[in-house]
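To start, the structure itself, in structure tokens.
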Amino acid sequence: MTKKKISWLVGIAALSFGIAWALYFRERLPVLTPQIYSAAKSQWEARGPKDYELDVEVSGVQAGHYRIQVKDRNVVQMKEDGIDVPERVWAYWSVDGMFRFLEEELASKKRPSAAYGVSDPDSVYLQADFDEKLGYPKRFLRQVFGRKLTIEWRAQVLGGDKAN
């Protein structure tokens, strides 16, 4: 073998090891199921505040940092990376909107061809973690293997210590 081939193989092996290491040791999220979704949504409806600020960091196909103000469970202001966002975009950017989004993701997983362009529902991974106290979705990850449709967000309700 030539030095060039050996260097190339060592590089591929190092890259493969790095990817495997990252996947194994990264923070694991629970699989999103309809039962987990329903329990968290019920908890939010019972304990979540009506007025709060929401901080959301999104990566993947729709990357950005969002700051949302919610009054009486309706978005009243939204900024993306510090810039005002038009009202027509606000519908999914409250906690209630995030729950609608998760519900749609669960439904889309059942018909992955139409939603994601893949035939096997097992190609679609939906994972989520919910706040233990209030029930809102703190983190969500969608991966569609074979497609560049990964989206991940981390959310934090600020000023949400006071329940309804």
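The values are calculated or read from the model by the stated rules, or taken from the named source; none is laboratory data. Nothing here was measured: the structure is a model prediction, and the numbers come from that model. Note that we place each Cβ from the backbone using ideal geometry, even for glycine, and neighbour counts take in every protein chain shown. Just the protein is used for accessible areas: all its heavy atoms, side chains included, with ligands, DNA and RNA removed. Shrake-Rupley method; radii C 1.70, N 1.55, O 1.52, S 1.80 Å.
Each principal axis of the Cα cloud of segment 108-159 was evaluated for its coordinate range; sorted largest first, these ranges are 42, 19, 14 Å. Of the trypsin sites (Lys or Arg not before Pro) found in segment 49-150, the ones in coil according to DSSP and having at most 14 other Cβ atoms within 10 Å of their Cβ are Lys50, Lys133, Arg147, Lys148. Note that segment 53-164 presents 55 Å² accessible area per residue, ligands and nucleic acids not counted, probe 1.4 Å. Residues whose amide H lies under 5 Å from that of Leu32, counting only those 5 or more places away or on a different chain, are Leu126, Gln127, Ala128; hydrogens are built 1.01 Å from N in the peptide plane. Annotation: Cα Rg of segment 48-164 relative to the compact-globule expectation 2.2 N^0.38 Å equals 1.11.
5 Å is the cut-off here: which amide hydrogens, built 1.01 Å from N in the peptide plane, fall below it relative to Leu149, excluding neighbours closer than 5 in sequence? Under 5 Å from the amide H of Leu149: Val144.
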